[in-house]
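*Asks:* Before I ask anything, let me first share the structure, which is written out below as structure tokens.
Just so it is clear, none of the values below were taken in a lab; they were calculated from the coordinates. Note that the structure is a prediction, hence the values are computed from the model and not measured. Cβ sites come from the backbone with ideal geometry, for glycine too, and all protein chains shown count toward neighbours.
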């Protein structure tokens, strides 16, 4: 098994490198460069050349790439073109904020999805199943920004129960009550947006398991419904569900872009969106690399988890 | 039991969804229903956070201004040039003087003497100004700042205003409170070129080599009305008042720039009272019920001119261009795009209407379909077809484009609209061989009319009309050298006429910026609304 894991890790490394090349190349070939974002109509060509030289844009592409990659390796993510801030320092502030929001929401959504999915799957075509299935279908179709605006409108504007903007009221950084007040609406939005797809997944997985022969055998032996459910079906259902956890890793960075933007949550989302609008290429590239690297790591994690949990694969390796 | 729970949960979820659907339909017009919510809240049940924060700080007044982007923690006088960064600078630092459409407003300088040869400008500085750390402000700080701005490697935003191919502006300290700036050549726009440059403290920045990133940017020491007290990345910047501000201590204790990037959220936040001020668009303001939300709108002129340029490289026939312009109704376009005549001024030439050089004594091309048809006949073009490019994501331009299309079709033109990405559009416009006949754009240039030459001289960087008019170039050159005010006015009136006569440039409207402010805030007129910074002097704002 150790060999299998090692093999998987080794194949992941060139993938990550390929991604950095891709991100860099795509950004490089975009029709407008970062210089366009920095210069103003009033600047003379000399000043523009000066700025180009200052940021190293006068160098050949491969030199730019190697310098950039070298920077990333050493934790120097470069500087924002617009605000001149160190990207590493910015992300150090913003990533925890995003994690603080996404992680609880994801865990909640996940637990609820497993419970509801199992209930629906176990009661195929009964009322409970129909309701859960219908609600999750609607949930998949509801865009998160719309649901967020709805919450803002009802809870923030009409009822004035909760603050609309940000993570803290000004000067109340240490108040947990204040944080929770700001937290409720984005948390609800994210939970609602993560849940439906997972419910569908658990439900269909449960349905498949119930149609397996071993369930029929158990029934023939006179096992009760709950015995079949918790002793046998559950385990088999949770297997793919747990491996899905790994895939959720990139969510920690990019899982709440829209929700964060709507609620002005000071996480990665607004930072990323603003960078795209302002053509702040260094930031866009770093976040692209970061999230796609997490996708690869997530897959790796899934594979490893699967390998650890499922004895069949363990023997294969 | 389990079933029962499921049922309840299901019903609850369904209820939420249905309720959601219902309220969303009403949600399109929050203002219409806003009345009860707002008056209900004053009873005290649900206090907004802004109010809560205010009381918790022991009666300190706070003015919260919603801004759409993060200024960052590294704002500095030399390299910061984005709107929110400059707004932050304006709070912390002071310039020698501000130069806006209505003239000079002195801050750290008291007066300017111009030498007889129009090359040297002697600035007399205030001697009663202290930095927020207690040090005295002197001429050394001014010299230090200007010299840093002139250093090529610093890539300062005002570099091109101070360093020319003829040489750099020379800056000398005459005594502790007098500095002399000498231009390398006579330039009537010099006073404007020295304006809006904030002065930084020499004793703080003396050993700094990289202005963009260093340890002192985050703890700024300034001469402005406020001191930056807190910066929370992506959330807000908080300023507390500078009791020693040289124009008198500010009335409001704290000013907060709250970062809200989503327009709809910002719009809800201003209506719920979570923020006190915000910049909106005419369409957004029209959706709000200002009275019930206790808000006032202050439209103010930034000197922006939105235009339609005709590409003379493609539409070479002057009669055809005139036929196009006579078919257009400027006011109808502006009314459709900006909804109310309070929100715009109509420019008749390339100068913004609030400029003292602006003249109406030009060919205005007021709509006249008969004339349009005459010119069309004279041009000899049968069934003219045109295409118009504009930024598809810009709602003002999209509306204007539809109007232009409709008006031109009435005059017998067939117009194809190309709504494209704004960056792609400007890239296309820079290409002389682009495939568009007409395009929309807009600019905010300087106060001095010479700053507009880069748009209209032959081959100038922003002349997207690609015409060749040596006469206009000659006039701009004359205007630059002329120092007599009346003669300059004559020259620029002439230029405005000439440019209108080319029938390549059609000024559409000069749209104002709409500041939406809570009625609890007063002193807006005294603080003066200016381009970029919003308030010229925030110390004059008051809060009830």
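*Asks:* I'd like the distance separating the alpha-carbon centroids of the stretch B:64-89 and the stretch B:339-416, in whole Å.
*Replies:* If we compute the Cα centre of each part, the gap is 36 Å.
*Asks:* Among DSSP beta bridges whose residues both lie in the protein assembly as shown, state the antiparallel percentage, nearest 5.
*Replies:* 80
*Asks:* Would you kindly state how much longer the chain becomes between residue B:477 and residue B:117 on full extension, computed as 0.36 nm times their sequence separation minus their alpha carbon distance, in nm to one decimal?
*Replies:* 127.8 nm is the gain from fully extending residue B:477 to residue B:117.
*Asks:* Further question: What shape does the stretch B:87-157 have by the C-alpha gyration tensor, where a ≥ b ≥ c are the square roots of the eigenvalues, rounded means a/c under 1.5, and otherwise prolate means a/b greater than b/c and oblate the rest?
*Replies:* Note, shape of the stretch B:87-157 comes out rounded.
*Asks:* Write down the percent of antiparallel bridges among all DSSP beta bridges whose residues are both part of chain B, to the nearest 5.
*Replies:* If we restrict to bridges inside chain B, about 80 percent are antiparallel.
*Asks:* Turning to a different aspect of this structure: Determine, for B:506, B:226, the number of other Cβ atoms within 10 Å of each Cβ, and report the residues in order from fewest to most.
*Replies:* Fewest-to-most Cβ neighbours within 10 Å comes out as B:506, B:226.
*Asks:* Hey, what number do you get for chain A at 222 nm if only DSSP H runs of n ≥ 4 count, each worth -39500 (n - 2.57), divided across all residues, to the nearest 500?
*Replies:* Value at 222 nm, helices only, nearest 500: -23500 deg cm²/dmol.
*Asks:* Gap in Å between the Cα centre of the stretch A:157-222 and the Cα centre of the stretch B:265-319?
*Replies:* Result: 39 Å between the Cα centres.
*Asks:* Run the numbers for residue B:361 and residue B:83: contour at 0.36 nm per residue of separation, minus the present Cα-Cα distance, in nm.
*Replies:* Computed gain between residue B:361 and residue B:83 is 96.6 nm.
*Asks:* Separate question: Counting other beta carbons within 10 Å of each Cβ, put B:132, A:204, A:226 in order, fewest first.
*Replies:* The order, fewest Cβ neighbours first, is A:226, A:204, B:132.
*Asks:* What's the extension gain from residue A:276 to residue A:134 if we count 0.36 nm per residue and subtract their Cα-Cα distance?
*Replies:* Taking residue A:276 through residue A:134 to full extension adds about 47.5 nm, to one decimal.
*Asks:* Further question on the same structure: When the convex hull of the C-alpha atoms of the protein assembly as shown is computed, what volume per residue in Å³ does it have?
*Replies:* 196
*Asks:* Can you put B:110, B:430 in order of Cβ neighbours within 10 angstrom, beginning with the fewest?
*Replies:* B:430, B:110
*Asks:* How big is the stretch B:170-239 by Rg and Dmax over its Cα atoms, in Å?
*Replies:* That works out to 16.3, 46 Å for Rg and Dmax.
*Asks:* Still on this structure: Note down, for chain A, the three equivalent ellipsoid semi-axes (square root of 5 times each alpha carbon gyration tensor eigenvalue), biggest first, whole angstrom.
*Replies:* 44, 28, 15
*Asks:* At residue B:414 and residue A:219, where each label point lies 7 Å from the Cα along Cα→Cβ, what is the point-to-point distance in nanometres?
*Replies:* Those two pseudo-labels are separated by 6.9 nm.
*Asks:* Give the shape of the stretch B:338-424 as rounded, prolate or oblate, defined through the alpha-carbon gyration tensor: a ≥ b ≥ c are the square roots of its eigenvalues, a/c under 1.5 means rounded, and otherwise the shape is prolate if a/b is larger than b/c and oblate if not.
*Replies:* oblate
*Asks:* Mind running the shape call on chain B? Use the C-alpha gyration tensor, a ≥ b ≥ c as the square roots of the eigenvalues: rounded below 1.5 for a/c, prolate if a/b tops b/c, oblate otherwise.
*Replies:* It is oblate, given that a/c is not under 1.5 and a/b is not larger than b/c.
*Asks:* At 7 Å along the Cα-to-beta-carbon direction for both residue A:103 and residue A:184, put a label point, then send me their distance in nm to one decimal.
*Replies:* Those two pseudo-labels are separated by 2.4 nm.
*Asks:* When the Kirkwood radius is taken over all Cα pairs of the stretch B:462-544, what Stokes-Einstein diffusion coefficient follows at 10 °C and 1.306 mPa s, in µm²/s?
*Replies:* Roughly 95 µm²/s, to the nearest whole number.
*Asks:* Mean residue ellipticity at 222 nm from the helices of chain B, using -39,500 (n - 2.57) per DSSP H segment of n ≥ 4 over the full residue count, to the nearest 500 deg cm²/dmol?
*Replies:* Mean residue ellipticity at 222 nm (helix-derived): -10000 deg cm²/dmol.
*Asks:* Mind pulling the per residue volume of the convex hull built on the Cα atoms of the stretch A:97-241? Å³ is fine.
*Replies:* Spread over its residues, the Cα hull of the stretch A:97-241 gives 131 Å³ apiece.
*Asks:* Suppose each label sits 7 Å from its Cα in the direction of the beta carbon; what would the residue B:313-residue A:173 distance come out to in nanometres?
*Replies:* 5.3
*Asks:* First measure r as the distance between the Cβ atoms of residue B:501 and residue B:424, then evaluate 1/(1 + (r/R0)^6) with R0 = 22 Å and state the FRET efficiency to the nearest 0.05.
*Replies:* After rounding, the FRET efficiency stands at 0.10.
*Asks:* Based on the Kirkwood radius over alpha-carbon pairs, what value in µm²/s does the Stokes-Einstein equation return for the translational diffusion coefficient of the stretch B:211-337 at 4 °C and 1.567 mPa s?
*Replies:* Result for D is 66 µm²/s.
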